[in-house]
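The values are calculated or read from the model by the stated rules, or taken from the named source; none is laboratory data. As the structure is a prediction and not an experimental result, all values here were calculated from the model. Here the Cβ positions follow ideal geometry from the backbone for every residue, glycine too, while neighbour counts run over all protein chains shown. Quick note on the areas: whole protein, heavy atoms, side chains included, nothing else; ligands and nucleic acids left out. Shrake-Rupley method; radii C 1.70, N 1.55, O 1.52, S 1.80 Å.
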Amino acid sequence: MLNRRRLLQGGAALAFAGLPRLAFAQQQSAVPIVFVHGDSDLAATWETQIWRFESNGYPRDRLFAISFTDPQARDDDTVAQANRSSTADQLRELTAFIEEVKAKTGAPKVAIVASSRGGYATREYVAANPGSVSQIGRASCRERV
């Protein structure tokens, strides 16, 4: 049965199948991974994936998940709505979050895994900052960014 957990597990596995094995080597600095949740979700959505990466030897201090301030999308992206965010709002938050991750880790690039609505902010970020991204994956069975 295909459920949300299986979908996220499969999407994350596919996203990082192409990462060089050196990223997992202890003597090399692993690429920081940023997990971006979808509409109305929180960073906690990614905890199982983060644990999976840790159990496979990926350093915990290189795994990050964002929780957007207002994770639910507006009914109309162009009209302000209480406790809801626009695509531009999410892009601003994601950009600031990634800059913090890069500053904290000293890494010039990050890998990003995004689910659902988080994919839109991720695409906008990558378009504006192509040199800041090492790898991109979308946790979806339909499409891979």
- Task: For segment 105-123, name all the residues that are open to solvent by 40 Å² or more (accessible area, probe 1.4 Å) and either modelled with pLDDT of 95 or more or touching a helix residue (DSSP H, G or I) at 6+ places or on another chain (Cβ under 9 Å) (or both).
- Result: GLY106, PRO108, LYS109, TYR120
- From SER132, SER55, residue being loosely packed, with under 12 Cβ neighbours inside 10 Å and either polar (S, T, N, Q) or at positive phi (or both): SER55
- Restricting the search to segment 64-86, which residues are surrounded by fewer than 19 Cβ atoms within 10 Å (Cβ to Cβ) and either in a helix (DSSP H, G or I) or touching a residue at least 12 places away in the same chain (Cβ under 8 Å) (or both)? SER67, THR69, ASP70, GLN72, ARG74, ASN83, ARG84, SER86
- Message: Based on this model, can you work out whether SER67 counts as under 12 Å from the mean Cα position of the chain (by Cα), modelled with pLDDT of 90 or more and either at positive phi or of a type in the set (S, T, N, Q) (or both)?
- Response: yes
- Under the condition of being farther than 24 Å from ARG60 by Cβ and free of Cβ contacts under 8 Å to residues at least 24 places away in the same chain, which residue from segment 87-104 is least open to solvent (accessible area, probe 1.4 Å)? ASP89
- Kindly indicate whether any position in segment 135-144 is surrounded by 17 or more Cβ atoms within 10 Å (Cβ to Cβ), closer than 13 Å to VAL34 by Cα and at pLDDT 90 or above. no
- Which of (1) open to solvent by 40 Å² or more (accessible area, probe 1.4 Å); (2) farther than 21 Å from VAL110 by Cβ does ARG60 not meet, given it meets every other one? (2)
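Give the residues of segment 105-138 that are assigned to a helix (DSSP H, G or I) and either free of Cβ contacts under 8 Å to residues at least 60 places away in the same chain or of a type in the set (Val, Ile, Thr) (or both), sorted by residue number. Don't jump to the end; show me each part of the working.
First, pick out the residues of segment 105-138 that are assigned to a helix (DSSP H, G or I): 105, 118-128, 130-132.
Hits for segment 105-138 are THR105, TYR120, THR122, ARG123, GLU124, TYR125, VAL126, ALA127, ALA128, PRO130, GLY131, SER132.
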